[in-house]
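Quick note: the coordinates plus some simple rules give every number you see, no bench work behind them. No experiment lies behind these values; they were computed from the predicted model shown. When we count neighbours, we look across all protein chains shown, and the Cβ atoms used for this are built from the backbone with ideal geometry, even at glycine.
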Amino acid sequence: MNERQKHIRNFSIIAHIDHGKSTLADRILEATQTLTKREMEEQVLDNMDLEKERGITIKARAVKLDYTAPDGEKYVLNLIDTPGHVDFNYEVSRSLNACEGALLVVDATQGIEAQTLANAYLAVDANLEIVPVINKIDLPSADIQRCRDEIEDIIGIEAQECPAVSAKTGLNIQSVLDAVVELIPAPEGDENAPLKALLFDSYYDSYLGVVVYVKIIDGSLKVGDKIKMMSADQTYDVVDVGTMEPFGLKSSGELHSGEVGYFAASIKSVGDTRIGDTITLVDNPTSEALPGFKAAQPMVYAGIYPADGSRYGDLRDALEKLKLNDAALTFEPETSIALGFGFRCGFLGLLHMEIIEERLEREFNLDLITTAPSVIYRVKKRNGEDVMVDNPSNYPSPDEIEAAYEPLVKASIITPTEYVGGLMDLCQDRRGIFIDMKYIDTTRVELHYKLPLNEIIYDFFDALKSRSRGYASLDYELDEYNKSDLVKLDFLLNGEQVDALSFIVHEEKAYARARRIAEKLKENIPRQLFEVPIQAAIGSKIIARETVKAMRKDVLAKCYGGDITRKKKLLEKQKEGKKKMRQLGSVQVSPEAFMAVLKLDDND
Amino acid sequence: MTMIDIIKNQKAPRKLGLYIHIPFCRTKCLYCDFCSFVSRDSNEREEYVRALLREIKSRGTKEYLVDTIYFGGGTPSLLNAEQIGRILACVRENFVVCEDVEVTLECNPMISKRDVEDAVPYGDGLDSRDVGDADPYGDGDYFVELRKIGVNRLSIGIQSAIDSELKLIGRRHTFEDAKRTFSIARESGFDNISVDLMFGIPSQTGDSLEISLRRIISLGAEHISIYSLQLEEGTPIYRMRNRYSLADDDTLADMYEAVVSSMKRAGYSHYEISNFAKAGRESRHNSKYWRLDEYLGLGLAAHSDFGGKRIENTKDMGKYLLGECVENELEISQGEREFEFLMLGLRTSRGISKSEFFARFGIDFDEKYGEKVKICEKMGYFLQNDEFVALNERGFEVSNSILAQILDFDY
């Protein structure tokens, strides 16, 4: 290995949410004096507003740091940030593949959590050197020794000597940098071999087109090179090559084996860049491609509609823009009788869905109506057909169905022992199948359940948190499809079915859910000029019923002194309000009311 | 020009109503968000009267025949009879006033002497302390004076016959005061009196409303206006709304229905959503608003519908006193007229005439609105025949919702 390569360290920081990953990244940036404290924006790596507010990293980011070790040796550290949430496991794994090591941050007051484990396993799968970092040791409730023991017992990596720091105060940050240099291996790879580079991220930039993040495994990449993306089988001319600095891209003209950087090659859409693809030279190709990643599969689907139907085109443009940087988001047009034109969107999980909704509303100023999230059901029909259903409206009628299957997940829940009973009840209630329970130590337990995905996409996470006072953590991965007694629940307003309210539910739960939603509809549908019966039905069988009484009175304002403008304004206001209303059959419902019905939670 | 042309041009003079705004009150009621100021200074009121006379002179016209004059407020009865007399004289000088003109003056019940400390000397805005021990209350002179100068209709703001309710909405009088005022007005020669009543007052119940209705009906007024209390933003009652027990919409609807049936039993016809009258005693002035007839609003913040325009006077007393009366003049498009015609016409039990609609707008009513009206008719809110379309009593209660569905807002 050449001297240059020996001084490169490529690493990620992985952690359970809120264990201080981003704060540690900030301190590392500061300590390497890549940023002075004054330049320091809080948590530089998370640069979407939403990320800052939620304190999570959504998209991976990478940054190159120049570091001079205490012994005077100069190093290049490439820090590749990863999302912490279970929805984004896929993005974590692709980032990890560009690294040789990972800092596993563990909160000294919390110990190991579900996502700590999940992320650690991903790092192990990627053959990374894992360096535990115990954080938040400045807090009075920090228990460093317990943390070290847990890491050794549960993950099985040595932790007695690992850095224990406070990223918040900056205490012991030097020990983290020492560990990075000493423990994480330099990248291997042959600078003289044909180019072999890993595409690990990309985003759309309005000036450069798609900017591709790569890790050069072998060889070199230069401006002017004609490259080939091996699995996409596309060729491009490289127009810019460089590194990711804390404040933006910096052209360097070339990248060599072991280095992490970017290139631009007039690529029009991130859809053209497959994460995990191998990049090589057209003229001098590598013989073997890297093993590719599995593409992220959406697990949760929902209809997204503009509250104002005339903004359908804006919604489409906005989704297309988001899609430029989010390969996991899928959408296709759908129409609902109740809601008009919209899109059926696929998400990695609920958080992903919420983030997309929020970005659509915030960055594109759209008011949205989102239908209840659904999973993909498999239905075997009597005629032998096998269909996948991601939209309840397309669910076959009961007499066509031979058997129905729903996706299960393997869920791992880590919780303090006192909440085990409540959480087991919760899983039971959500049709969970108990697998096992392991004591992490005397105070904490890891529970394993198989749960139907459709039971956890609503509010499972909130319920979990509220039953454990916020202490339990959750991770899950998709498992198999299981045969299940599923029914489609429909709602009728004034005798007309409202397609957007239909959803698939397990038979046992249909009655309770039907009653709850009927009640909620009653609370939220404003009184109309006529009486509105609300009915919940499975097929043609009505299983719940409510009534919204007819409105009897509105404002009898005085036309005082001939001032009719007040009255006009009142009517115009009423009309404006009506415009925003959604016509569900003959019934008018405000988007807010509609949302309130869809957002049923555990307490309803 | 031939003789025939001349005759053709000599149409009967157009009728005109005058609204005269007197923006002073002794105290501001807790629910009020109309243009009025608390006034304890008689100089201030005199200054206003002078500005008003100037406006009347400047806007005078002989092209119209004035058939109604309406003093609204505020509390017009805070002016003394001499001031009202000067205003009316000025109107007669600058307008052509017809012989049987309806001249209405709004007033509040006289406050009896029991709380002289803040009592209002009726028809004279002087503070009670200024008039010493004189007895300006309730000797009827004021009403006699008003009759002499041509006021022939009174509208008395009684609002409730339950004293505790009156107190809650910041009214200063008791029902005894109202009764006394009413009988003094009668003795003074007023044979056309309207009284105002409210429902939906905090603490009011169906039973207490029944009592109010019975007591007020027993006064024998020619005309009764009944409104539901509106909580307008910015008023004290709005700010305090959470402290009151207020009736919900169903209770209010029950109350409205109780009002309507009591009024009918007592022989009043329900001729407009909020107005009831004995035969032939409908308010001629207010009827102009509902028929899109022309009226000229004079005084601070007064509104006019005049010469095809809606005119809004300034709300700024300083400007008004300087003679800068008009704040806003709006040309009304034909489409907007149509909107107004329906919005206002459907307030009346007569409703709108389809042939009049066609004559005004050249549009076939049934063609344009028939379908929507039919839907509401099926729900039981409309009455119609070939000529008239009107809301029925159920329809009155939800008239805004119905109008919002039927009217064409893209004028």
inquiry  = Run the reach check for A:Lys168 against lysines, Cα to Cα strictly under 19 Å, same-chain hits fewer than 8 apart removed. What comes back?
reply    = A:Lys21, A:Lys37, A:Lys52, A:Lys136
message = Kirkwood hydrodynamic radius, computed over distinct alpha-carbon pairs, for the range A:66-195: how many Å, to one decimal?
response = 15.7
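Which whole number gives the average, over all residues in B:250-256, of C-beta atoms from other chains lying within 10 Å of the residue C-beta?
Details: counts 5, 2, 5, 4, 2, 1, 3.
Mean shielding by partner chains, rounded to a whole number: 3.
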ask   = What ranking, highest mean first, results for peptides B:390-401, A:422-433, A:102-113 when packing means the other Cβ atoms within 10 Å averaged over each residue?
value = A:102-113, B:390-401, A:422-433
ask   = What is the average number of partner chain Cβ atoms found within 10 Å of a Cβ in B:310-318?
value = 1
remark   = Per residue of B:394-400, other chain Cβ atoms within 10 Å number on average 5
inquiry  = Given a Förster distance of 60 Å, report the FRET efficiency between B:Glu367 and B:Glu257 from their Cβ-Cβ distance, rounded to the nearest 0.05.
reply    = 0.95
ask   = Suppose R0 equals 45 Å; then what is the FRET efficiency for A:Thr443 and B:Lys167 from their Cβ-Cβ distance, rounded to the nearest 0.05?
value = 0.10
inquiry  = Report the gain in length on full extension from A:Ser175 to A:Thr335: 0.36 nm times residue separation, minus Cα-Cα distance, nm rounded to one decimal.
reply    = 51.8 nm
task = Obtain the nm distance between the two label points defined at B:Asp410 and A:Glu161 by a simple spin-label model: each point lies 7 Å from its Cα along the Cα-to-C-beta direction.
result = 7.8
ask   = Roughly what would the spin-label model give for A:Ser141 and B:Arg360, points 7 Å off Cα along C-beta, in nm?
value = 7.2
ask   = How high is the relative contact order of chain A, in percent, counting Cα pairs under 8 Å that sit 6 or more residues apart?
value = 9
inquiry  = Just to check I understand the Karplus step: with θ = phi - 60° and J = 6.51 cos²θ - 1.76 cosθ + 1.60, what whole-Hz values come out for the range B:207-212, glycine and proline as x?
reply    = 5, 5, 5, 4, 4, 4
query = Which length gain, in nm to one decimal place, applies between B:Leu383 and B:Thr61 when the Cα-Cα distance is subtracted from 0.36 nm times their residue separation?
reply = 111.9 nm
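With N set to the residue count of chain A, report its C-alpha Rg divided by 2.2 N^0.38 Å to two decimal places.
Values: Rg = 27.4 Å, N = 604, 2.2 N^0.38 = 25.1 Å.
Ratio of Cα Rg to 2.2 N^0.38 Å: 1.09.
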query = In nm², what is the average projected area of the convex hull enclosing the Cα atoms of the range B:334-411?
reply = 4.4
task = With no solvent and one equal point scatterer per Cα, compute the Debye intensity ratio I(q)/I(0) for the protein assembly as shown at 0.05, 0.08, 0.09 Å⁻¹ and report its log10, rounded to two decimals.
result = -0.52, -0.91, -0.99
ask   = lysines within cross-link reach of A:Lys268: Cα-Cα under 28 Å, excluding same-chain residues under 8 positions apart?
value = A:Lys59, A:Lys64, A:Lys196, A:Lys215, A:Lys222, A:Lys226, A:Lys228, A:Lys250, A:Lys294, A:Lys321, A:Lys323
request  = Pull up all non-local amide H partners of B:Cys107: gap of 5 or more, or a different chain, and H-to-H distance under 5 Å with H placed in the peptide plane.
outcome  = B:Ser155, B:Ile156, B:Gly157
remark   = Amide H proximity to A:Asp308 below 5 Å, modelled H, separation 5+ or other chain, gives A:Asp367
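Ranked highest first by the average count of other Cβ atoms within 10 Å around their residues, in what order do A:65-75, A:544-554 fall?
A:544-554, A:65-75
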task = Please find the FRET efficiency linking B:Val96 to B:Val38, where r is the Cβ-Cβ separation and R0 is fixed at 25 Å, and quote it to the nearest 0.05.
result = 0.10
ask   = If you wrap a convex hull around the C-alpha atoms of the range B:11-291 and split its volume per residue, what is the figure in Å³?
value = 135
Part-to-part distance (alpha-carbon centres) for the range B:270-285 and the range B:173-231, which is given in Å = 15
ask   = Running Debye on the range A:130-266 with equal point scatterers at the Cα sites and no solvent, what base-10 log of I(q)/I(0) appears at q = 0.12, 0.17 Å⁻¹?
value = -0.68, -0.91
Percent RCO, i.e. relative contact order, over chain B, from Cα pairs under 8 Å lying at least 6 residues apart = 14
Peptide ranges A:128-139, A:150-161 listed from the most packed, as the mean C-beta count within 10 angstrom indicates = A:128-139, A:150-161
task = Let me know the charge dipole size of the range A:202-307 about its Cα centre in debye, to the nearest 20, where only the beta-carbon of Lys, Arg (+1) and Asp, Glu (-1) is charged.
result = 280
